[in-house]
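Report on the following structure.
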Ligand code: NDP
Ligand code: 8X3
């Protein structure tokens, strides 16, 4: 039985990945800060698919806590086959010369530094075992900056660079690295970005049928299920009426 470790599994894309991988018999290590939501998800997956789940409740920005929990995984949970580095967020939509320092720090610490820490803690075991797949959730925002979003876009450009670099550093191994770059996905993402302003968040998805977390989970599962000699290196997944980070056709 394969084991997937998903960060940020209490909502949106991470939760959808948990459901998708559970449906096909994976056992899951699920991380987030909100324990209650993860427990409800674990109960649901147990009931629907008989999934075994281990919950790791920590803030991915807390490097020492991440190290402690991952280093102390019970023996039967140590052989991680798939790592989905998904935990992440955007905060604010402001000009680069007017942005909020705390928002910038949170995005950089979560989307870049924490992704690196989790990678650093999990991948050596994969290398030692000679198998593993790292799936990073990047974004179309990493392909090019858009107005008022430079810092978030920069963090997702970093996810692309870190994915590419890791793939190079692992080229001598059987491990695979995938960077999935979603466009507009309706999750809690925009509510978080606008600090809880639900009306403003809803506007982001007005007049267009956005992607769902399930659409991205399907892509992640496809990449993880490819034959061992096939490495899906990068996938850009857009809503049909979205052409780039800035071009969206709305009815
Ligand atoms: P959600 O807000 O729905 O989910 C974000 C998840 O990340 C939650 O489970 C949250 O859990 C977790 N998370 C955030 N910060 C931390 C932290 N410090 N420690 C642990 N977990 C954390 O958003 P999405 O599902 O949309 O976002 C998932 C990923 O997808 C992000 O990396 C985002 O940048 C990316 N993405 C999203 C797109 C979109 O349009 N929605 C498009 C492209 C990429 P908790 O709060 O419980 O800790
Ligand atoms: C999330 C997609 O376009 O809102 O990464 O930045 S976007």
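Coordinate-derived values only; no laboratory data. Everything numeric in this text was worked out from a predicted model, so none of it was measured. Glycine gets a Cβ as well: all are built from the backbone with ideal geometry, and neighbour counts include every protein chain shown.
At what distance in angstrom do the alpha carbon centres of region 202-251 and region 88-128 lie from each other?
The distance from the Cα centre of region 202-251 to that of region 88-128 comes to 21 Å.
Rank 107, 126, 168 by mean-square fluctuation in a GNM of the chain with C-alpha springs under 10 angstrom and give only the top-ranked residue.
Sorting by GNM fluctuation, first place goes to 168.
Mean residue ellipticity at 222 nm from the helices of the chain, using -39,500 (n - 2.57) per DSSP H segment of n ≥ 4 over the full residue count, to the nearest 500 deg cm²/dmol?
It lands at -12500 deg cm²/dmol.
With angles folded into 0 to 90 degrees, how steeply does helix 115-129 sit against the dominant principal axis of the chain? Use alpha carbons for both and round to 10.
With rounding to tens, the tilt is 30 degrees.
Give me the Kirkwood hydrodynamic radius of region 1-101, using the inverse of the mean 1/r over all pairs of distinct Cα atoms, in Å to one decimal. Before the final figure, lay out each step's value.
Values: mean 1/r = 0.0696 Å⁻¹.
One over the average 1/r among Cα pairs gives 14.4 Å for region 1-101.
What is the helix-to-structure angle for 213-225, meaning the angle in degrees between its Cα long axis and the longest Cα principal axis of the chain, kept from 0 to 90 and rounded to the nearest 10?
40
Nearest 10 degrees is fine. How inclined is helix 150-169 to the longest principal axis of the chain, computing both from alpha carbons?
30
State the extension gain, in nm to one decimal, for the chain segment bounded by residue 215 and residue 100, taking 0.36 nm per residue of separation less the distance between their alpha-carbons. Spell out each step's value before the answer.
On the way: separation 115, 0.36 × 115 = 41.40 nm, distance 3.20 nm.
My answer for the length gained is 38.2 nm.
Counting other beta carbons within 10 Å of each residue's own, what order do 247, 112, 135 fall into, fewest first?
Details: 247 10, 112 19, 135 25.
Ascending Cβ contact count within 10 Å gives the list 247, 112, 135.
Answer rounded, prolate or oblate for region 152-212, using the Cα gyration tensor with square roots of eigenvalues a ≥ b ≥ c: rounded when a/c is under 1.5, else prolate when a/b is larger than b/c, else oblate.
Note, shape of region 152-212 comes out prolate.
Need the C-alpha centroid separation for region 1-34 versus region 152-198, integer Å.
So the two Cα centres are separated by 16 Å.
Can you put 11, 163 in order of Cβ neighbours within 10 angstrom, beginning with the fewest? Let's see the in-between values first.
Working: 11 21, 163 25.
Ascending Cβ contact count within 10 Å gives the list 11, 163.
Note down, for the chain, the three equivalent ellipsoid semi-axes (square root of 5 times each alpha carbon gyration tensor eigenvalue), biggest first, whole angstrom. Please list the in-between numbers first.
Numbers: eigenvalues 155, 77, 70 Å².
So the three semi-axes of the chain are 28, 20, 19 Å.
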